[in-house]
Amino acid sequence: MDLVDSGTLMSWVKAMSDLGPRFTGGHAHRRYVDLVEAQLRSCGLTVGRHPVPINAWEAGAWSLTVEDVGGRTHRLPSSYRPYSGQTSSDGVRGELIEVGAGQPADYEGKDVRGRVVVADYPLPRMPFGAVFPLADYIHQPEDLRNEDYTRLWQTVPAQLSLDLARQHGAIAMVDIIDLPPDHTRLQYSPHQQPQSGLPALHLDRVEGRLLRDLMRAPAKATVTLTAATQRTTIDYLTAELKGNGSLPGAVMVGTHTDGQNAIEENGVPAVLALARYFAALPQASRPRDVLFVLSPNHMTAHNHTPDLRTWLEQNPALRDRIVACLVPEHLGAQGWTENGPTDRSEPAVLGTGNSDALTALVIDQVKEHDLARTAVLKPFNDGLYGEATYPYRLGIPTATLISGPAYLVQVAPNGHLDRIDPDLMHTQTVFLASLLTNMLALPTY
């Protein structure tokens, strides 16, 4: 298949990563949206920009200083919890108090008013085999069954409630993540929580043990988390390739433009590769239209900005044409645990929903392309594992190729470019091009 080569594809990933983290609505994100528009236009496409409101939040400086019972101060390396809250440059100061798992029962009988609560961040530990009951097909199952799938970004169980702490009168939270420092540093998690007004910091297991040792006697903490907030707008991008009209409707191809590193979200370079490939083909070769939709607001709560489902509902002229949807996210990822690299690719998931015919097509394509370490999964908890959740919830037949490495939302100086396998990303993008070709020609869904 005449797709861009792996070097070109990775150069697009690097151009994205070199901008720095594309925090939703931030300066780097806006520059990237402009770059993506230009790249789509270079394919000969007309690009639409559709602004939506957003409450942008971006951390400035953060720190945790503890004063022990003897009056000595200890500065503990920390990371910030995004969208939690913010302080002045002087921070907030209060006595530290333990609330364990941070559930309602943990606050009973405790006066946390004016204090800094300390809690354990929920971290589900599970093998990848835990998802096997959701599988319609698994390529190389025995290679995946017992693989460690401990992931900080998972939303099950529920995250610690900052609202609960604030309602009890806490002035800040420090949560402790049971992972080593390199695995915990600048994890942008949870990435879709509403802005709660309570500043919160993350500690790794090493600093967490030190903090709790200091708390054996009365101790006070100063929590500092400055942040810039702004009510502003950010743009959805759309572009279209007309088909020959032999089959009705359009297949939507999309992902999101915001992200923290080179993995999150390198689905955009894959979409650009698909756009360039299909734009170079004669219109007569496409039975249906191809509609590209890139959303700008995945990495934020959606109580103040329209997610893709809501945005499509607000644009019925587009929504009513879509017969199926394809969403790539987090391609070429290499495995990484708290012990370091696994020397294997990250398990990949092809989530499918709302169409048995689409699921069958996906399974056939996985077999044909010998897509290693890949599971075809049913939806879970009314979701389809990422941005694909939103068209899925509209009842649209949807497929997504996605992985979820442990460093998925971690901010890093090099954007974790070194954790992408260029050949694997290219292989997965070629697979997506083949799958899209077949989706355009699928008679019925």
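All of the numbers you see were taken from the coordinates with simple rules; none came from a lab. Fair warning: this is a prediction, and the values are worked out from it, not measured in the lab. Cβ atoms come from the backbone with ideal geometry, glycine included; neighbour counts cover every protein chain shown.
Quick notes on this structure:
- Set of aspartates and glutamates with alpha-carbon distance to K378 below 12 Å, sequence-local pairs under 8 removed: D136, D356
- For a paramagnetic label modelled on L394 (point 7 Å from Cα along Cα→Cβ), amide N atoms under 20 Å away belong, within region 341-377, to 351-359.
- Reference-scaled alpha-carbon Rg (2.2 N^0.38 Å with N residues) for region 153-240: 1.37
- Hull-based mean projected area of region 304-445, where the convex hull spans the alpha carbons, in square nanometres: 10.0
- Note: relative contact order over region 269-370, using C-alpha pairs below 8 Å and six or more positions apart, is 12 percent.
- Principal semi-axes of the equivalent ellipsoid, √(5λ) from the alpha carbon gyration tensor of region 61-220, are 32, 17, 15 Å from largest down.
- On full extension, the segment bounded by Q230 and D382 gains 51.6 nm, given 0.36 nm per residue less the C-alpha separation.
- Here the Karplus relation 6.51 cos²θ - 1.76 cosθ + 1.60, evaluated at θ = phi - 60°, turns the backbone of region 137-153 into coupling constants of 6, 10, 8, 6, x, 5, 6, 10, 3, 9, 5, 4, 10, 6, 9, 5, 6 Hz, with x for every Gly and Pro.
- Two-site FRET efficiency, V69 against Q167, from Cβ-Cβ distance with R₀ of 30 Å, rounded to 0.05: 0.55
- Both the radius of gyration and Dmax for region 1-131 are 22.9, 69 Å, in that order, over alpha-carbon atoms.
- Residue-by-residue Karplus 3J(HN,Hα) for region 298-307, coefficients 6.51, -1.76, 1.60, Hz, glycine and proline x: 6, 8, 7, 5, 10, 7, 10, 8, x, 5
- Evaluated with a Cβ-only charge set (Lys, Arg +1; Asp, Glu -1), region 13-139 carries a dipole of roughly 500 debye about its Cα centre, given to the nearest 20.
- Remark: the chain carries a charge dipole of roughly 900 debye about the Cα centre, counting +1 on each Lys and Arg Cβ and -1 on each Asp and Glu Cβ.
- Calculated from backbone phi, Karplus (6.51, -1.76, 1.60) coupling profile of region 280-297 in Hz, x at Gly/Pro: 7, 8, x, 4, 4, 7, 10, x, 10, 6, 10, 10, 9, 9, 10, 8, x, 9
- Cα-only radius of gyration and Dmax that characterise the chain, units Å: 22.7, 80
- Area projected by the alpha carbon convex hull of region 353-430, averaged over all directions, nm²: 6.1
- Gain on full stretching of the segment that runs from S42 to N244 - 0.36 nm per residue minus C-alpha separation: 70.5 nm
- Close amide-amide hydrogen proximity is noted between Y385 and F380, each under 5 Å apart and 5 or more residues distant or on a separate chain (H modeled in the peptide plane; Pro and chain starts excluded).
- Whole-number percent relative contact order across region 143-259, with pairs defined as alpha carbons under 8 Å at least 6 apart: 23
- Which of A172, L401, S88, positive extreme of dipole for the chain (C-beta unit charges): S88
- Rg/Rh for region 302-348 stands at 1.26; both radii use Cα atoms, and Rh follows the Kirkwood definition.
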